[in-house]
Amino acid sequence: MLEPIVNFFARIFLWIGRGIGYVVAWLAWPFMAAARWYRRRGWILQLAVGSIVLLFVGLYAYFFWQSQVWTNFNPDYVQAYNLESRTVSAGEQVAATEGGETRTCGRSAIAEVAADLTDFNVNENAWISSMLLYKTGFFFIDWDDTPFFDNKASFQRGVNQTVRRTAVELVDALGRVRGTSQIDNDLQKARESIQFSENAWYFGLDPFGPKIPTPGFYRTTIESLRRFNDRLERCEAVFDARADNLIQFLDRIANDIGSTSAILRERSENYNSGWFDTRADDRFWFAYGQLYGYYGLLHAARADFEDVVNQRSLGSLWDTTESQLRAALNITPFIVSNGREAGWIMPTHLATMGFYILRVRSNLVELRQVLDR
């Protein structure tokens, strides 16, 4: 009596096995044909073709390694600066000789953290977005449109966005005395360099010709920010640690992450493909990179504006803001899912990240309101 049922399932599995075999044969056919062609060639052509194949294998191995290994990634990186022990605001004179010839002023923690974040992106790690194999994509499909090998690139771009925003504020407000003083040349150079295209390689088509790749420009940003800090320590540069400048800096950060929150909301509301949303991971890791960068920069801002923070009794509220930023960095899913908010099999990590961003933004607005009283 069970024989017809057994035969039915046997045929089903036979068809499935044949289907898998056809798919494997179809995928393997180009490689088998290439191998047959290769064996029929002379040794000179075999050597040339083999060298090219080995080159691409090596490049892909390097690309896959760099895109998966996050060197020196540490959500608690701010602790290494030990800024809690600082007792002087940025640019404030802390020492001088009797004759006044030699002076020492406080360095800017904001400039230091911005330089270190860029160093983390392009020196401690390879800058993924401008790598040749990232630009060519997956069979010429943009890596950002696939679920593979693009998380680190999105994270790096998120971190880089925070440095770009900070460089603008350093030039326009923090590194000069009000709006009528001269722009600092080192900060201006840092801003120009960090605004360069994120995906430039050694050669390009628009415009046509050789180029300096993206990491080269970003390394100029690192050098310029550190040179500014050295001059600031010698009291040869300016850091204007006024309350209105801090208000403006907090406003810019709040607006920046508010824009990212809107992007997360749009993706979360209009696409509910769960684990199969190939763009959800890009949105998530860009937002994560932003929070990672702003965690350090806000921690640094508290040290640079120490007098303002103490005078306005902002310590407790600032601690809350930083703790919420740090809590958001605990969200590191193996696979980013963009399911429905009420789903229990495939959750929505985008909505969760958006929730943390809005909490941080709410605290930034509250900090600004206290400062503006």
If we scan segment 223-234, do we find a residue that is under 30 Å from residue 153 (Cα atoms) and without any contact (Cβ under 8 Å) to a residue 24 or more places away in the chain? yes
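Each row is one residue, and each column tells you yes or no for (1) more than 20 Å from residue 306 (Cβ to Cβ); (2) modelled with pLDDT of 80 or more; (3) surrounded by 10 or more Cβ atoms within 10 Å (Cβ to Cβ); (4) within 30 Å of the chain's Cα centre (by Cα).
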| residue | (1), (2), (3), (4) |
| --- | --- |
| 30 | yes, no, no, no |
| 44 | yes, yes, no, no |
| 69 | yes, yes, yes, yes |
| 79 | no, yes, yes, yes |
| 82 | no, yes, no, yes |
| 89 | no, yes, yes, yes |
| 105 | no, yes, yes, no |
So residue 370, is it open to solvent by 10 Å² or more (accessible area, probe 1.4 Å), of a type in the set (A, V, I, L, M) and either assigned to a helix (DSSP H, G or I) or modelled with pLDDT of 90 or more (or both): yes
Segment 157-168, residues that are over 18 Å from residue 291 (Cβ atoms) and without any contact (Cβ under 8 Å) to a residue 60 or more places away in the chain: 167
What number of residues in segment 169-195 are surrounded by fewer than 17 Cβ atoms within 10 Å (Cβ to Cβ) and either in contact (Cβ under 8 Å) with a residue 60 or more places away in the chain or assigned to a loop (DSSP other than H, G, I, E, B) (or both)? 8
Tell me, please, whether a residue that is more than 27 Å from residue 93 (Cα to Cα), open to solvent by 30 Å² or more (accessible area, probe 1.4 Å), in a helix (DSSP H, G or I) and of a type in the set (A, V, I, L, M, F, W, C) can be found in segment 318-325. no
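Right, residue 56: of a type in the set (A, V, I, L, M, F, W, C), surrounded by 10 or more Cβ atoms within 10 Å (Cβ to Cβ) and at pLDDT 85 or above or not?
Criteria not met by residue 56.
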Counted residues in segment 54-68 being free of Cβ contacts under 8 Å to residues at least 24 places away in the same chain, of a type in the set (A, V, I, L, M, F, W, C) and under 21 Å from residue 135 (Cβ atoms) come to 5
From the list 350, 358, 264, 298, which residue is aliphatic (A, V, I, L, M), at pLDDT 95 or above and under 21 Å from the mean Cα position of the chain (by Cα)? 298
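Among the residues in segment 35-42, are any farther than 27 Å from residue 156 by Cα, open to solvent by 90 Å² or more (accessible area, probe 1.4 Å) and of a type in the set (A, V, I, L, M)?
No: segment 35-42 contains no residue that is farther than 27 Å from residue 156 by Cα, open to solvent by 90 Å² or more (accessible area, probe 1.4 Å) and of a type in the set (A, V, I, L, M).
The values are calculated or read from the model by the stated rules, or taken from the named source; none is laboratory data. Please read these numbers as outputs of a predicted model, since none were measured by experiment. With ideal geometry, Cβ positions are generated from the backbone for all residues, glycine too; neighbour counts draw on all protein chains shown. Quick note on the areas: whole protein, heavy atoms, side chains included, nothing else; ligands and nucleic acids left out. Shrake-Rupley method; radii C 1.70, N 1.55, O 1.52, S 1.80 Å.
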